[in-house]
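Have a look at the structure below, then the notes.
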Amino acid sequence: MDKKIKKYQQVLEAILQEEADGKMIPGIEFQVIVDTQHNHFQLIETGWYEKQFIHSVLFHFQIKPNGKIWLLANNTDVMIAEDLVKKGVPASDIVIGFHPENARQFTGFAVA
């Protein structure tokens with residue numbers, strides 16, 4: 001299991017960094033936050049856009065002890081779960097955690 005979790009840590013960090021590197025908005029900084037001890041991975045945006053301060057979570061993932069990746073937030077139009085599948089993560093190891101449990105069966109990903 002540790003090998004699988006290490007692999008998923010690397011995949012998540014890489015995919016979030018790719019997303020961060022691909023975004024350019026003047027005054028906004030995109031930051032990848034990685035906590036491998038607790039297995040949380042986030043991409044946030046922060047900075048000033050026009051006259052408004054922006055600070056929001058774009059993506060938040062958690063790898064649970066059973067090795068499943070939970071997508072806890074996706075505040076974009078990017079189909080990030082599908083991108084994980086393209087990177088070699090089986091759909092059966094991805095849970096769309098922001099959907100209610102009774103709706104997850106319709107996502108094409110794991111229920112829990």
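The table that follows gives values for the structure above.
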| read-out | value |
| --- | --- |
| Long-range neighbours under 7 Å by Cβ, at least six apart or interchain, first residue under 14 Å from P90 (Cβ atoms) within the range 100-112, second of a type in the set (G, A, S) and surrounded by 15 or more Cβ atoms within 10 Å (Cβ to Cβ) | F109/A81 |
| Strands (runs of 3 or more DSSP E) within the range 1-92 that include 1 or more residues farther than 30 Å from Q105 by Cβ and touching a residue at least 12 places away in the same chain (Cβ under 8 Å) | 28-35, 40-49, 52-63 |
| Condition met for V34 (under 12 Å from the mean Cα position of the chain (by Cα) and modelled with pLDDT of 95 or more) | yes |
| Residue, surrounded by the most Cβ atoms within 10 Å (Cβ to Cβ), within the range 72-102, restricted to residues that are among the hydrophobic types (A, V, I, L, M, F, W, C) and farther than 16 Å from A14 by Cβ | V95 |
| Whichever residue in the range 1-28 is surrounded by 13 or more Cβ atoms within 10 Å (Cβ to Cβ) and farther than 22 Å from V89 by Cα and, among such residues, is modelled with the highest pLDDT | I28 |
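The values are calculated or read from the model by the stated rules, or taken from the named source; none is laboratory data. All figures in this text were calculated on a predicted structure; none of them were measured in a lab. Ideal geometry is used to build each Cβ from the backbone, glycine not excepted, and the neighbour counts take in all protein chains shown.
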